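Asker: Take a look at this one; I'll ask things after.
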Amino acid sequence: TQRVEGRALSRFEKITHRQAMISLYDAFSETDMRDWEKRNRNYLVSLPVQPEYYCELKLDGLAASLRYENGVLRLGATRGDGKTGEDVTANLKTIESIPLSLRVPTKQEIEVLGFSIQQAEKIKEIILHGSLEVRGEAIMTKDVFKMINTKYQAEGKALLANTRNAAAGSLRQLDPQIVAERKLVFYPYDLIFSDYRRSELLATRQQADALAALLGFKKLEHNRLCVTLDEVFALKNNWEKNKEKLPFFIDGLVVKFNDLKLWEQLGIVGKAPRYMMAYKFSAEQATTKVLDVVWQIGRTGALTPTAILEPVALGGVTVARSTLHNFDEIKRLDLRLGDTVIMERAGDVIPKVVSVLKELRTGEEKLITAPKHCPRCQQPIEKDKDEVAFRCVNKNCYAVALRRLIHFASKPAADIEGLGEKIVEQLVSASLLEDAADIYALRKEDLLLLDRFAEKKADNLIQAIAQRKNLELARFLFALGILHIGVESAQTIAQELKRSFTQTEISPLQLHQAAVVISLDQWQSLDDIGPIVAQSLYNFWQDEDTLLLMEKFNRHQLVLMLPATLKNNSLAGKSFVLTGSLSRLTRQEAKDRIKARGGQTRDSVSRQLDYLIVGENPGSKLKEAEKLGIKIISEDEFLKLLSQE
Ligand code: IVH
C-alpha cells in the first residue's frame, strides 16, 4: 500500500527518453540467425571467430524504463514511439519487483562479478550519487492473469485478452490502485549509466545481468551464455517445447553479443541494433495496430475492406495487411482506426483479426465508415438488401472493369496465357481494352506500340488469344463474371443451355437468344441453382448491356463450344429419386452416374417422377411413390439400367 501514492491521474505526461528505446529485428529460423552472424562478420571484420552470445528469455510484456537519481527511483516511463513515452512513474512504483531505491552492493559483491576495484568503486559512486537507467519488461504472470479474469468474470467485467495486453493495459491505467491489484512483475534487461559508455564500466551482458540483481532487481535465472550458434539453437528449441512450464509467457529468445565492446562497434542500423536479435518462436497469435482500412474493389464491384497493419511477425511471416471481409465484420469486431488487435494465423490459413483490445484504446481511435462512393470511379455505392456487401454498381468503373478483364483471362476462365494482371492493366491504360470482347480484337501492331512489347511477346499474346477463340461454353460463362456464378454452376448452366442446340458450336448471339428466354423459375429449377443465383442469371441475361457485349463477341468471331455430348444418353429425360442406402454406390456416385447418362435426379417424389430407387431401410418416399404409382426399382435393377447401351 505504501507503493500506491496520490490520486488517479487525468492523463499521463509525455516524456522524451534520454536515449531512444529502440526495437529489435526478428529472426524465425536457424538460417536467419546464421545470416545475422554473417552480416555482422562482414560488417565487423574483427568479429571473433566464435563470438559468445548471451541468450535471454524474450518476455512478452511491456517495455519500461526506470530512471534512478542518487539511488532513488525518479521517473518511470513506457516506450511509447521509442523517442517519447508516457510518464507512468506512479504505476511502476506499485510493482514490488521495482526497487524504489537501489540496493547498494558492497565492493566485494561487485568484484566477485569480475569487475576491477576501480570499476567497482565507480559503480558504487554512480549508484549513490549519479544517474542510472534500468530498462526491462513489465509482465503479468499466468497465475495472476487467471485469478483476475476469474474475478472479472464473476463481476461481469470485460475479460483481459492475454497477459501481454493485460500488462500494457495495466500500466496505462490512470488509477495506480488498479495497477497495484494487477500484480505486475518487472525483469530488467539493460543498464544504462547515463554518463558512460556501456563498456567503460561493464565488460559483458552477463555481468550486467548479474549486477542488476545486486541492485535489488529480479533476475531471470533462465538466461544462458552460449558459445556457438548451435548452442543457441538448442536452447531456443528447448524453450519452444517447454515454454508452457514457465510461469509467464515468452515469445522467443533475445540473443545478444555478450561482449559489450562489440555492441559499440556494431551499433544500430535502422530501427534496431545489430548486436542483438529477437529469435522468435513461430507464433500463432500476435498483437498489432490497425493503421488504416482500405476498400478494395472486386470484379463484381463488391468492396472488401482490408486492414493495413503495423507489420507483425506471425507464424513465421510478417503480416502487414489482412482482409476484414465485409462491413459487418468491422461492426462485429467493433473495430476502429488505431485500435490494437489480436491477429491469428493457424497453420497456413490466411491471417485474420480475431479481436480488438478495447482496453488499450486512447480515445483517439476513429470510427470506420462504409464508403459512400467508389474509391475509383467516385460513383455512389449501393448496398444489396439481403447482402452484406457494398457494391459499386457503375458497370464502367475502371477498377471493376480491370478486375473483370483479369478474371476473364485467368486460368479457370478463358485461360489466355500471358494475359495476366500487369498486361491487362497496361492494355487498359492504353485504351486497347474496355471489355472482354476487345481482347479478341487485339492486333499485333497495337501491341508493338506498347512499352516492353517486342515482336516475340506480341506474337505470343496474339497467338494465345487466337487459341482461345474457340472457347468452351462453361469457361465462357464463368469468365463473364456473372454475380454468384462459380466454375461449377457455370458447368451446370452450360449443360442446360446445350439442350437448346443440336450443333456442337454456337455463336455468342445464339447463346444470348437461348439464355434470354429462360425464365426465373426455369433457372431456379436447375440442379444446385438457388434463388439468389437464379435471380443473378436472370438479371444478367435481361440486361441490355449483355446483349451489346454478346454482339461484340460475335463481331470478333468468338466461337463457343458446347459441352461434349454424353456418350451414352440412355437415361435422357428420365428422373430419379433415391431412398434408403445403397450397398454398392454412394449417393453421390449414383447421382453422378445418372447425370452422366443424361438423366436427372430430384430430391422429392412427385407425379412427374420416373423412377424411385430403393435401397436398405427406405424412408417415407417409398410410400409416397407407391401411392402415386411411380415405378420403383431396386439397386440391382438400377445398376442394370446403368449398364444398358
Ligand atoms: S533487449 C533494443 N531483452 O522485446 C531494445 N528486450 O521486440 C532492447 N523484450 O521492446 C531490448 N524481453 O520490450 C530485450 N530479454 C529481453 C527482452 C526484451 C522482452 C522486449 C522489449 C523490446 C521488445 C522487442
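Asker: For the stretch 485-508, which positions are part of a helix (DSSP H, G or I) and either at pLDDT below 95 or within 21 Å of residue 600 (Cα to Cα) (or both)?
Answerer: Within the stretch 485-508, 487, 488, 489, 490, 491, 492, 493, 494, 495, 496, 497, 498 qualify.
Asker: In the stretch 162-191, what count of residues is obtained for those that are more than 20 Å from residue 143 (Cα to Cα) and among the hydroxyl-bearing types (Ser, Thr, Tyr)?
Answerer: Step one: of the stretch 162-191, the residues more than 20 Å from residue 143 (Cα to Cα) are 172-176, 188-191.
Narrowing further to those that are among the hydroxyl-bearing types (Ser, Thr, Tyr): 189.
Selection size over the stretch 162-191: 1.
Asker: Follow-up. Given (1) assigned to a loop (DSSP other than H, G, I, E, B); (2) among the charged types (D, E, K, R); (3) touching a residue at least 12 places away in the same chain (Cβ under 8 Å); (4) closer than 30 Å to residue 33 by Cα, identify the lone condition not met by residue 221.
Answerer: (3)
Asker: I'm checking my understanding of the structure. Among residues of the stretch 259-285 that are of a type in the set (D, E, K, R) and in a strand (DSSP E or B), which one is nearest to the ligand (Cβ to nearest atom)?
Answerer: 280
For (1) in a helix (DSSP H, G or I); (2) touching a Phe, Trp or Tyr at 6+ places or on another chain (Cβ under 8 Å), each residue gets a yes or a no:
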position	(1), (2)
160	no, yes
167	yes, no
173	no, no
190	no, no
213	yes, no
217	no, yes
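Asker: Is it true that some residue in the stretch 356-365 is surrounded by fewer than 18 Cβ atoms within 10 Å (Cβ to Cβ) and more than 30 Å from residue 167 (Cβ to Cβ)?
Answerer: No - not one qualifying residue is present in the stretch 356-365.
Here is a yes/no grid of residues against (1) part of a strand (DSSP E or B); (2) under 20 Å from residue 357 (Cα atoms); (3) of a type in the set (Val, Ile, Thr):
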position	(1), (2), (3)
296	yes, no, no
300	no, no, yes
306	yes, yes, yes
309	yes, yes, no
312	yes, yes, yes
322	yes, yes, no
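Asker: For the stretch 341-362, check the following and say yes or no: at least one residue is at pLDDT 90 or above, in contact with a Pro (Cβ under 9 Å, 6 or more places away or on another chain) and more than 19 Å from residue 286 (Cβ to Cβ).
Answerer: Looking through the stretch 341-362, none of the residues is at pLDDT 90 or above, in contact with a Pro (Cβ under 9 Å, 6 or more places away or on another chain) and more than 19 Å from residue 286 (Cβ to Cβ).
Asker: Now a separate question. Taking only pairs six or more apart or across chains, which ones have beta-carbon atoms under 7 Å, a first residue in the stretch 276-287 that is of a type in the set (Ser, Thr, Tyr), and a second residue that is outside any strand (DSSP E or B) and surrounded by fewer than 19 Cβ atoms within 10 Å (Cβ to Cβ)?
Answerer: Pairs that qualify, where the first residue is of a type in the set (Ser, Thr, Tyr) and the partner is outside any strand (DSSP E or B) and surrounded by fewer than 19 Cβ atoms within 10 Å (Cβ to Cβ), are 282/316.
Asker: For residue 110, are the conditions met, namely being crowded, with 21+ Cβ neighbours inside 10 Å, within 18 Å of residue 208 (Cβ to Cβ), at pLDDT below 95 and not hydroxyl-bearing (Ser, Thr, Tyr)?
Answerer: Yes; evaluated as a whole, the condition is true for this residue.
Asker: Okay, next question. Can you tell me which condition residue 350 does not meet? The list is (1) free of Cβ contacts under 8 Å to residues at least 60 places away in the same chain; (2) touching a Lys or Arg at 6+ places or on another chain (Cβ under 8 Å); (3) over 24 Å from residue 237 (Cα atoms), and all the others hold.
Answerer: Of (1) free of Cβ contacts under 8 Å to residues at least 60 places away in the same chain; (2) touching a Lys or Arg at 6+ places or on another chain (Cβ under 8 Å); (3) over 24 Å from residue 237 (Cα atoms), only one is false for residue 350: (2).
Asker: Can you find, within the stretch 224-258, the residue that is farthest from residue 62 (Cα to Cα) among those that are at pLDDT below 95, outside any loop (DSSP other than H, G, I, E, B) and within 16 Å of the ligand (Cβ to nearest atom)?
Answerer: Selected residue: 240.
Asker: Taking the condition of being within 10 Å of the ligand (Cβ to nearest atom), in a loop (DSSP other than H, G, I, E, B) and at pLDDT 95 or above, how many residues in the stretch 40-74 meet it?
Answerer: 0
Asker: Return yes when residue 312 is surrounded by fewer than 17 Cβ atoms within 10 Å (Cβ to Cβ) and within 13 Å of the ligand (Cβ to nearest atom) and no when it is not.
Answerer: Taking the combined requirement at face value, the residue does not satisfy it.
The values are calculated or read from the model by the stated rules, or taken from the named source; none is laboratory data. Since this is a predicted model, take the numbers as computed values, not measurements. Quick reminder, even Gly has a Cβ in these numbers, built from the backbone with ideal geometry, and neighbours come from all protein chains shown.
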